[in-house]
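Below is one structure, written out as structure tokens; comments come after it.
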């Protein structure tokens, strides 16, 4: 994680300079909130951090079991590069939505070819299912496409996607670490390693991306982060058949855990799909009605909106992690109080500031 942080941070200044030299700049527009042209090759810095982190892990004796059969990690790296290239092409020159989805499907298919697929599927309260190979590959690719789009859609404010992914990946690493600690997860599982490297690159990138951002991750970075989250969650949740992973809270399904942790971007994606379907616009049509836009319309500033959505992600992560580590459910009481306080602050703070200005 530390190597990923440092490598990402050190690679940002040269990528920022390269963006300016080649004209890879995001210009202000009606559907954006930034006020000046900003470099967009930040995704390359994230890729550098991922490669540096995984390369360092390969040298550590303690992580040798993960690399005994390196085909899974090689597949993740290749899939991440494919996803990064897909987003990079869209950053430099707009591509059609079908072509973009084709790149995502190709990236997800690479994971299935190396064996990173959703094999075990436990539906809450309905039972446990072992998916056949064809259905397993389909569910896995859809999972990758969904995660990638969720991160890409939430990447609308400076630091928002990087912060949410850092919290989500760090939380999922803790979940995987807990499974390793109790002997449920095999030490060769790549999920926790991918999760902690993903958290590291986001933390290394965040100081340059927080408002006012000096560089954007672009579609290349957002799509790649979605791919890494999908790979980590598939490795841990989709390939674990032990009942322990269902003892955390009430949902009896390890794949539901990342849905909770990533509740903010996934909810935003669901709203976007419904909104665009009801208005009969294309699903790829950009608008300014995402969750972060609505918070800003309420009167929250740029930074406060980002911090509020970070806080919601942290609360959802705590909702999952506290029962996992304590085997008790009473941890939701303080979390419920904190969620209520955050909800009240989200709704009432702009009105209070408005009254103060009037006074």
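Observations
- Selection over region 174-190 of residues that are free of Cβ contacts under 8 Å to residues at least 60 places away in the same chain, assigned to a helix (DSSP H, G or I) and closer than 15 Å to residue 66 by Cα gives a count of 2.
- Helices (runs of 4 or more DSSP H) completely within region 244-359 that count 1 or more residues being in contact with a strand residue (DSSP E or B) (Cβ under 9 Å, 6 or more places away or on another chain) and at pLDDT below 70: 256-261
Every residue, every condition in (1) at pLDDT 95 or above; (2) in contact with a helix residue (DSSP H, G or I) (Cβ under 7 Å, 6 or more places away or on another chain); (3) in a helix (DSSP H, G or I), yes or no:
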site: 73; (1), (2), (3): no, yes, yes
site: 79; (1), (2), (3): yes, yes, yes
site: 84; (1), (2), (3): yes, yes, yes
site: 89; (1), (2), (3): no, no, yes
site: 98; (1), (2), (3): no, no, yes
site: 106; (1), (2), (3): yes, yes, yes
site: 116; (1), (2), (3): no, yes, no
site: 125; (1), (2), (3): no, no, no
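- Selection of region 40-60 for residues being buried (at least 22 other Cβ atoms within 10 Å of the Cβ) and closer than 17 Å to residue 189 by Cα yields 53, 54, 57.
- The residue of region 208-218 that is nearest to residue 40 (Cα to Cα), among those that are out of contact with any strand residue (DSSP E or B) (no Cβ under 9 Å at 6 or more places or on another chain) and surrounded by 24 or more Cβ atoms within 10 Å (Cβ to Cβ), is 217.
The values are calculated or read from the model by the stated rules, or taken from the named source; none is laboratory data. This structure is a prediction, so every number in the text was calculated from the model and none was measured. Every residue, glycine as well, gets a Cβ built from its backbone with ideal geometry; the counts of neighbours run over all protein chains shown.
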